[in-house]
Every structure is written in C-alpha cells, then in structure tokens.
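Single-structure report; data block below.
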Amino acid sequence: MSDNNRHAALEMNADEFKKVGHQLIDQIADFIDGIDKRPVTYGEKPTQIRAALGTGALPDKGMSASNLLEKASDLMMNHSLFNGHPKFWGYITASAAPIGALGDLLTASVNANCGAFILSPMATEIEKQTVRWLAELIGYQSDCGGILVSGGNMANFTGFLAGRTAKSPKTLKTKGVASLDKKMCIYGSKGTHTWIDKAAHLFGHGTDSIRWIETNSNHQMDNQALENAIKADLEDGHQPFLVVGTAGDVSMGVVDDLKGIGEICKKHDLWFHVDGAYGVPAACLSDQQKTFEGLNEADSIALDPHKWLYAPLEAGCTLVKNPQHLVDAYSSNPEYYNFGKTEEPETNFFEFGLQNSRGFRALKVWLALQQAGRKAYEEMIGDDVRLARLMFDLADENDELEAVTHSLSITTFRYIPSDLDLMGEEREKYLNQLNEKLVDRLQFGGEVFLSNAVVDGRYCMRACITNFRTEEKDCEDLIEISVREGRVLHQSD
Ligand SMILES: *Cc1c(COP(=O)(O)O)cnc(C)c1O
C-alpha cells in the first residue's frame, strides 16, 4: 500500500483497503450471525447458478474492489450450500471456526511461503507447533514428524509414500517400481476410503495390489482375514508392505481394532498407517480411549483439521512416528536450493512432503486450537458424539424410523412406512428405493442436509455431526422432517 509512482492496478492504499475490508467483514459477520435463518442450500441447478454468475468474457477493464467484493459476497452468500448451518450433516465437512477465516486473511496478507524456513521463519515454527499440538491432542508421540497438507487424501498419500519408501529397497527411488522383483501388496478393510485406489495408481502399484479385507459383524476389519491374506501373499512370493487401519470410516464411523492391526504389522514388519481423517480427533475423549487403543503403534496417521477440528477448508495433516521417514521419502537437495546454511538446524517443509511452495495452512488450526483450548475441544467433539447418539435414540423411538448404526458422530437410520405390507426381498427393495429418494429430496429441500450409507445392503440416511452449531432441537427437527417427507414420498408411490 505504498504511495509509489507505479500505480499498479492491483495495489490498494491503506484507506481503500480499510474501507473495503471493513465492508466485507461487516457482511461476513452478518452472514455468520444469521446462518441458521437461511436454508442449508438453495438447491439451484447448474443453469440457475450460471445465470446468476453471468457468462461474460474476461473483462478488458478493471472495476472497483468495493463493487467487486459486494458482487462476490452476493454470489457466495446467496447461491451456496452452507456447511456451517446447524442442520448440515452431509458427508464429512465441518462448520468452520470463524477465527479460521480471520486467520486465512492474515495468512494471505503476510503470504509466507512455508516451503522453507528462510521464506517463512515464524510460519514454519507455528506449523511445527501445530503438528506437535495435534499429536498431543490425540495422544500420539509429540516428537513425531508431521506436515500440514490440503486434506485427508493428501495426508494419506503423504503417509503412504513414506511407508512405501521405508519398506522397499533403497534403489526404488532411482530405479522405480519396474525394478521390483516382488509385487508389493497393500491391505485395508472393505470400508477403506477411495484414496487407497488413487494411491495405488499414483505410486505405480496398481489397484490390483490392494487387498480388500472382509469386515466382521462390527464392520471392523477382520484381523484374522488380514493375517490370512498376508500369509497367502507371502506364500505366493509377494511382498506385503502396508496396512491401513481406519479410525472412523466414512459410512458409519467405525474404528478398526488398531491394537490388533499393530500387532500383525509388527509381526510381519509392515508399515502401519492409520486413516483417521475423520475420526481420530475423538481419541481426545476420555470415554473413547478403548476405541482408539493401539493408535500409538501407528507408523503414520492421517488426520483432517478441516473435518472434526472445525478448520475452514483446506487443512489436512500427516503425522509420522519417526520424522526421518518423511525426509527419506521427500528430501532431495538440488543445487539451486541454497537452504539450511545457518548455524542452527532449521526445518524446510519442502523436504517433508510433496509440495514445494506451500501456503500457511497451520495458522487457522493453531488459532482455533488455542481459542478453544483442549478442554473445549473435548467438549465440542463430545457434544457431537452425544447429539449423534440422540439422533439414533430418537429414530429408535419413532415407529416410522429404524435406527441402524451409531458410532462416533455418525448415525444411520431409515424410513419405514407404517402401512408397508411387502415382505422379504420386495420389502427391502422398496425400502432401498424409498430411502434413496428421500435422501435426494432432503438434500434439495434445504431444511436439513444429510447423505447416505449402505449398511449390510440397507440404503440408509446418514448424518455425520462435525458441527459445533448443531443443537438438540436440530436433531428433533431432523426426525420430524424425515418422517414427514418419507410419508409424502411413500404416498405418492
Ligand atoms: C474424508 C476422508 C478422507 C478424504 O479426506 P479429504 O479431506 O476429503 O481429502 C479419507 N479418509 C477418510 C476416512 C475420510 O473420512
């Protein structure tokens, strides 16, 4: 905001920045304050969205920042889905902590490049502290290595490649997977998130190298089946190298028997990766200690602050027990990088992950962790679990709903009309179709937002509460709305 002579079109002087900035902050404050008065979504079709946006070509001439931000606010605030709405429980996206929005403004203003210490001295140390605090929160070794990434997929990829590097011949980095004389095999339960397909593809193993292990009656990976699969691969001359334990699966919030998986990994010298993108923050709860037993044995963990730690998108994080494994996988020192020459050792995050230039994702997480503190985080996460349980109980008590599962903060249930006279397969088929239509109808209706899960062949409505704005009344409303809309659909059939 200088008063230099160049007058570049993108420069703003202090007065203009303050004027436009205050105007935007006022709008955001009102937006957040009134978010519960809006529909969760306007349910508009792509053509309607394009009509609101306009289809003009790139303008030749610029326009005032004030008008432009006014326009952008209108587009975003009146044509979006609001995952910060108290009745948003679809997929796994959190209500975003407002302090995170302010943090992102500060982040973009200083614009630290967190690839190297010299380019981001304070940001680098804040990121390291954030990584340490995340590990502390979930009870993992706080001297682990770690890095903030864009989200759960990237966090899992980052851990995967660290594990692959640790468990493969040293020559793999130079010679590539074509040089391997054994097929390297990957193990995860049938409930493992689709990132595993992308990882197997991306890192050259191919999706055929994934062993999808059966689940037991609790929907956890069947550890006996896991061990059998590992043994069978060894007998066939393959090299098992990595097992994914899921800590909170996407459909139902199920946490695998991590302790058991850890023991199997130790026995066969395999890398133990935990995908805790959704669920692992719940390891901070005293009443969930048993559920997460064995987490400490993990060689790497993926977690997602933009899910259950309420950070605005994007923020994922990889933790690796032995930081050297990150360096082994990601560090190379080209001549044009003149870093690390001061007397003290310094952390250059480009050596810890796949990115080179990196934004400062840690600040919004670091701010939220401190604004709330550990106790309040435990309370918010615990409340989400409690409210999901309440939804389950309310569905259970209702004659027209069947409560199907509850684990962590995910509840699944389905609508069953009281006058349904079908039996057996026909009944299940009808219920699946009816509940699928019901999810669609609810998603476009704007009153509530949830998604679906298929549990043992049953198509269910699924609510995942990673939302610090949800209250008991919202859960009661969900029950009433699902029954009301279920009846409408059933009667029109
Ligand atoms: C959400 C999720 C992912 C993917 O995370 P993104 O942040 O969407 O990339 C991976 N695994 C699990 C268990 C998840 O819940």
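All of the numbers you see were taken from the coordinates with simple rules; none came from a lab. Please read these numbers as outputs of a predicted model, since none were measured by experiment. Here the Cβ is made from the backbone with ideal geometry for all residues, glycine too, and neighbour counts use every protein chain on show.
Tabulated data for the structure shown
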item	result
The stretch 111-165 and the stretch 281-320: distance between their alpha carbon centers, rounded to Å	13 Å
Two-site FRET efficiency, K266 against N432, from Cβ-Cβ distance with R₀ of 45 Å, rounded to 0.05	0.60
Among the listed pairs K128/K375; K231/K429; K71/K128; K128/K190, those beyond 28 Å (Cα-Cα)	K231/K429; K71/K128; K128/K190
Per-pair calculated FRET efficiency, R0 = 56 Å: D421 and L105 via Cβ, rounded to 0.05	0.40
Qualifying trypsin sites (Lys or Arg not before Pro) in the stretch 250-359, DSSP loop, other Cβ atoms within 10 Å at most 13	K290, K341
For the stretch 99-236: rounded, prolate or oblate by the Cα gyration tensor [a/c cutoff 1.5]	prolate
Surrounding net charge for D396, when Lys and Arg each add one and Asp and Glu each subtract one, Cβ distance under 13 Å	-3
Computed [θ] at 222 nm, deg cm²/dmol, the chain (DSSP H ≥ 4; -39,500 (n - 2.57); rounded to nearest 500)	-14000 deg cm²/dmol
Convex hull volume per residue for the stretch 13-82, taking Cα atoms only, in Å³	85 Å³
DSSP beta bridges in the chain [antiparallel fraction, %, rounded to 5]	60 percent
At 1.306 mPa s and 10 °C, Stokes diffusion of the stretch 188-302 via Kirkwood alpha-carbon radius, µm² per second	112 µm²/s
Efficiency of FRET from Cβ geometry, D74 and V177, R₀ 60 Å, rounded to 0.05	0.75
Label-point separation, D456 to A376 (7 Å along Cα→Cβ), nm	4.2 nm
Distant-in-sequence amide H partners of V149 (H built 1.01 Å from N, under 5 Å)	G316, C317, T318
DSSP-loop trypsin sites (Lys or Arg not before Pro) across the stretch 1-51, with at most 13 other Cβ within 10 angstrom	R6
Principal axes of the chain: Cα extent on each, largest first, Å	77, 67, 46
Antiparallel bridges, percent of DSSP beta bridges restricted to the stretch 237-338 (to nearest 5)	35 percent
In Å, descending, principal axis extents of the Cα set of the stretch 362-493	55, 26, 25
Spin-label pair D399/K170, simplified geometry with 7 Å Cα→Cβ offset, distance in nm	7.4 nm
